[in-house]
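In what follows, a structure is listed as structure tokens, so that the remarks can point back to it.
The values are calculated or read from the model by the stated rules, or taken from the named source; none is laboratory data. Since this is a predicted model, take the numbers as computed values, not measurements. Don't worry about glycine lacking a Cβ; one is built from the backbone with ideal geometry, like all the others, and counts go over all protein chains shown. Accessible surface is based on the protein model in full, side chains and every heavy atom, while ligands, DNA and RNA are left aside. Shrake-Rupley method; radii C 1.70, N 1.55, O 1.52, S 1.80 Å.
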Amino acid sequence: MRLRLFSRLAVMLIWLPLAGTLLRAQRLDSFPTQIPQHDAIVVGTAWYPEQWPESRWEEDLKLMEAANIKVVRIAEFAWSTMEPSEGHYEMDWLERAVAAAAKHHIMSAIGTPTAAPPAWLTQKHPEILRIEENGQRVTHGNRAHGSSTSAIYREYSRKIVEEMAKRFGRNPNVVGWQIDNEYGYALMSHDDVTRKQFQDWLQRKYMTLEALNSFWTTAYWSETYDNWSEIPIPVGGHNPGLMLEWKRFVTSVWSDYQTNQISAIRKYAEPRQFITGNFMGFFDGFDHYIMCEPLTFASWDDYVGSGHVDPDFNGLSHDLTRGFKRANFWLIETQPGAVNWASVNNYLNKGEVRAMAWQAIAHGADAVSYWQWRSALNGQEQYHGTLLGADGTPVPFYEEVRQIGQEFSKVQEALRGTTIQSEVALLYSYDSHWAIQFQKHTRRYDDIGLLKSYYRALRKLTPSVDVISASAPLGGYKLVAAPGLNVLPKDLANHLLDYVRDGGHLVLGPRSGLKDEHNELQTRRQPGHLADALGARVEQFYALEKDFPASGDWGSGQVSIWAEQLGLLNSSARTLLRYRKSNGWLDDQPAAVTSAYGKGRITYIGAILDDNLMNAAAAWMAKESGLRTPVLSIPEGVEVSMRSGTGKRVILLINFAQEAKKVELGKSMKLLLSGRQEQTVELAPYGVELLQE
Ligand code: GAL
């Protein structure tokens, strides 16, 4: 009975009007992720024709077409085939492969091959091979071995990319480009060239060594620099100011690295061809907001590795990627059953990959592409999951992809021109993430885990949550939660205050506002520039060796890992939660406070809450912020999402549970996948349904 009630509540959000939702994210008339004259949502695969005799291609493409595959990702490791010796380009084969795919109604997205420079190049210029932290130069034969700071490597990269763009920039069957592959995982060469570039970059930024020495407090441990050339590349723990700047420098290097290729492509390519990059969810090697600026849209590679999909974390990762450009994205690589690099490369359950494919769409993806079609007979990834076996015929998983493709085709029109429009945003900041990672203070501190706990609790109450940069426009969100803004300089604080003054509800989590932009401790107590508006401050923080009790407006429960003792500065602040008997210092002290400010509200939660407290806190946030969606519980294991736009609205139900679930809709709706009109949806384990009024 209880479950049924929850089911009804869960879908009540369907009936709520969309009017008033601010389109702060994607303009609804611009969907570069949906390719004109093609299905709005598509299935794809990575295909490496260079690894196979041409006589085999036709059979592969026939099988792809039969599996409803509409796009191939092609050429991203084919440098040695496209330029077998210096300046000698051979791309006829690629042109033939693209044309052959098109005959089967398959578009091509071309990857630039710079993740794998050819042997003639690394032989001629061994200095382009990266030097690792331990001082050793990498050898040829893996990938990501080129140095991103090497001018020589950039030059060779530019030449091959330019040749490719000349050749394919107007090819009607090439719909877009991917830069590199996973950007060398942001690995840097620890060589003199890089160090000099880092020093020059610092000089441009700080202008004088006096400024740098002061912002980094280099008098500490005699770190004072009298010459730019003395500044090292940080290895291991180092000065926090230096370490944060190094991360920003790494971002600028990879950003320039891709600009070098983007400009080569744009010189010859028609504007209709997109340019994307394949990112990796919460991989933190560089600042993805900066990296995504010049790209048409963001893409990512979603791999589960060992075990099974965690729908909350996976959903959060999709939403993070959507937030990179606040627009729809592509899932450009995902796991066809199993990978080859995890501790246990178990296969995902039958149906699990389909649920994941639909989850990607439900969170704003317009393509889902499997890596890869068929394993190369030799090479490092022989054991990875595929759609075909080594004998060239389908493995059992092929059928699941065929079904996904068929379903995508069936409903694609309903999803054309639709995106995710949220009332709630979570703020993410690479500076803050890095600053916490450098000095976790307790090895148990996990800022992404904390983000996930907010996400999980809030996502139950609303059909979507945006995850966006802390400096993104906030107008229109009813609730903005920033669980980890450790680095909170004044301009960012003002940006947040503007949001609150205009009527928004800002919720801050522990460790907020401790640092400024140089990763220096602020001379105002946490949350720094926001303390006055909050009417409270952090008196002391405590890393916890065990859980402590807390109770208040959100009921009672436990706090763990981190607790901040809050102190009220004025009578406008109200205590929402207090620690109970714990370490003496925290006993009965405020753990969460809230204050009205301007037309809005600011709330500070100084501890990591257990699930019950977090859920109650989220319910309070939703109510206090006036979310249009009712406070509701979604049946355990079922995710409800919504895509809307251009007059359409589609509800997506995905059952991640291993047992069947029933959802009462309360009124009759069109079930797009099963093609029926029903008041009840029966979801099999890993079952999916799309609803339209
Ligand atoms: C990705 C990579 C692919 C392939 C895949 C295997 O990270 O981009 O090229 O190696 O992993 O899971």
For this session: Return the lysines within reach of K440: Cα separation strictly under 18 angstrom, same-chain partners fewer than 8 residues apart disregarded; answer none if there are no such residues.
Result: K247, K452, K515, K546
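Once you have the Kirkwood Rh of the range 535-682 from its Cα pairs, apply Stokes-Einstein at 10 °C and 1.306 mPa s and quote D in µm²/s. Can you show the working numbers first?
Working: Rh = 18.4 Å.
This corresponds to a translational diffusion coefficient of 86 µm²/s.
Please report Rg over Rh for the range 144-237, where both radii come from the alpha carbon positions and Rh follows the Kirkwood definition.
Ratio of gyration radius to Kirkwood radius for the range 144-237: 1.16.
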Exercise. What residues have an amide H closer than 5 Å to that of Q540, excluding those fewer than 5 places away on the same chain, when H is modeled at 1.01 Å from N in the peptide plane?
Worked result: Q565
Seminar exercise, completed: Cα-based Debye curve of the range 192-260 sampled at q = 0.13, 0.29 Å⁻¹ gives log₁₀ I(q)/I(0) of -0.35, -1.55
Seminar exercise, completed: Counting lysine pairs in the range 58-168 that sit 8 or more positions apart or on different chains, with Cα atoms under 23 Å apart, gives 5
Problem set entry | Radius of gyration, Dmax [the range 271-399; alpha carbons; angstrom] | 15.1, 44
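Under the rule a/c < 1.5 gives rounded, and otherwise a/b versus b/c splits prolate from oblate, where does the range 507-613 land using the Cα gyration tensor? Display every interim value, and only then the final one.
Numbers: a/c = 1.88, a/b = 1.27, b/c = 1.49.
Oblate.
Could you put K648, K350 in order of accessible surface area, largest first, with the 1.4 Å probe and the full protein assembly present? List each step's numbers first, then the result.
On the way: K648 55, K350 185 Å².
Of K648, K350, the descending order of accessible area is K350, K648.
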Seminar exercise, completed: Quick shape summary for the range 441-493, equivalent ellipsoid via Cα gyration tensor, semi-axes whole Å in descending order, reads 20, 19, 7
Exercise. Could you give me the ³J(HN,Hα) list for the range 444-453, computed from phi with Karplus coefficients 6.51, -1.76, 1.60 and θ = phi - 60°, whole Hz, x at Gly and Pro?
Worked result: 7, 6, 9, 5, 6, x, 5, 4, 5, 5
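For the range 221-347, what's the relative contact order in percent, using C-alpha pairs closer than 8 Å and at least 6 residues apart? If you can, show how the numbers build up before the last one.
Values: 126 pairs, mean separation 27.6, N = 127.
Worked out over the range 221-347, it gives 22 percent.
Tell me what the chain gives for mean residue ellipticity at 222 nm when only DSSP H runs of n ≥ 4 count, each as -39,500 (n - 2.57), the sum divided by the residue total, rounded to 500 deg cm²/dmol. Don't skip to the end; give the middle numbers.
Details: 18 runs with 218 residues, N = 693.
After summing the helix terms and dividing by residue count, I get -10000 deg cm²/dmol.
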Problem set entry | the range 458-548, relative contact order [Cα under 8 Å, separation at least 6], % | 24 percent
For this session: From zero up to wherever the largest Cα-Cα distance of the range 77-201 sits, split into 10 Å bins and tell me the percent of pairs in each.
Result: 13, 40, 29, 14, 4, 0
Problem set entry | Under 16 Å from K581, Cα to Cα: aspartates and glutamates that are on another chain or at least 8 residues apart | E545, D547, E564
Exercise. Based only on Cα atoms, what Rg/Rh ratio does the range 149-302 have, Rh being taken as Kirkwood's radius?
Worked result: 1.06
For this session: Provide the packing ranking of 591-598, 91-98, i.e. peptides ordered by the mean count of other C-beta atoms within 10 Å per residue, highest first.
Result: 591-598, 91-98
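Leaving ligands, DNA and RNA out of it, rank F541, F397 by accessible area with a 1.4 Å probe, largest first.
Values: F541 65, F397 15 Å².
Of F541, F397, the descending order of accessible area is F541, F397.
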Exercise. Along the principal axes of its C-alpha atoms, what lengths does the range 166-205 span, in descending order and rounded to whole Å?
Worked result: 45, 22, 16
Problem set entry | Heavy-atom SASA rank of E636, E162 (probe 1.4 Å, accessible area, largest first) | E636, E162
For this session: Read phi for every residue in the range 353-366 and hand back ³J(HN,Hα) as whole Hz from Karplus 6.51 cos²θ - 1.76 cosθ + 1.60, θ = phi - 60°, with x for Gly and Pro.
Result: 5, 5, 4, 5, 4, 5, 5, 4, 4, 5, 9, x, 7, 10
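With an 8 Å Cα cut-off and a minimum separation of 6 or more residues, compute the relative contact order for the range 307-464 in percent.
Values: 157 pairs, mean separation 35.0, N = 158.
Reported relative contact order: 22 percent.
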Problem set entry | Placed amide H near A607: partners under 5 Å, 5+ positions off or other chain | E564
Problem set entry | In order through the range 614-623: 3J(HN,Hα) via Karplus (6.51 cos²θ - 1.76 cosθ + 1.60), integer Hz, x for Gly, Pro | 5, 5, 5, 4, 5, 4, 5, 4, 4, 5
For this session: Treat each spin label as a single point 7 Å out from the Cα along the C-beta direction, and report the L377 to R628 distance in nm.
Result: 5.9 nm
For this session: May I ask for the equivalent-ellipsoid semi-axes of the chain, computed as the square root of five times each C-alpha gyration tensor eigenvalue and listed largest first in whole Å?
Result: 41, 36, 21
Exercise. Around M669, which amide H atoms from residues at least 5 apart in sequence, or from another chain, sit under 5 Å from its own amide H, with H modelled in the peptide plane?
Worked result: E678, Q679
For this session: Choose one of M188, W201, V174: the residue whose Cα lies farthest towards the positive end of the charge dipole of the range 155-206 (beta-carbon charges +1 Lys, Arg; -1 Asp, Glu; about the Cα centre).
Result: V174
For this session: Give me the accessible area of K124, 1.4 Å probe, in Å² rounded to the nearest 10.
Result: 110 Å²
Exercise. Binning every alpha carbon pair distance of the range 268-329 at 5 Å from zero, what are the percents per bin?
Worked result: 4, 18, 27, 22, 14, 10, 4, 2, 1
Problem set entry | Coarse-grained scattering of the range 344-414 at q = 0.18, 0.20, 0.25 Å⁻¹, given as base-10 log I(q)/I(0) from a Debye sum over alpha-carbon atoms | -0.78, -0.91, -1.21
Seminar exercise, completed: Partner lysines whose C-alpha sits under 30 Å from that of K667, ignoring same-chain residues fewer than 8 away, are K410, K460, K478, K623, K648
Problem set entry | Estimated dipole of the chain in Debye, rounded to 20 [Cβ of Lys and Arg +1, of Asp and Glu -1, Cα centre] | 2020 debye
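Please calculate how many Å² of accessible area the range 208-280 carries per residue, with a 1.4 Å probe and no DNA, RNA or ligand atoms counted.
On the way: 3020 Å² over 73 residues.
Averaged over the residues of the range 208-280, the accessible area is 41 Å².
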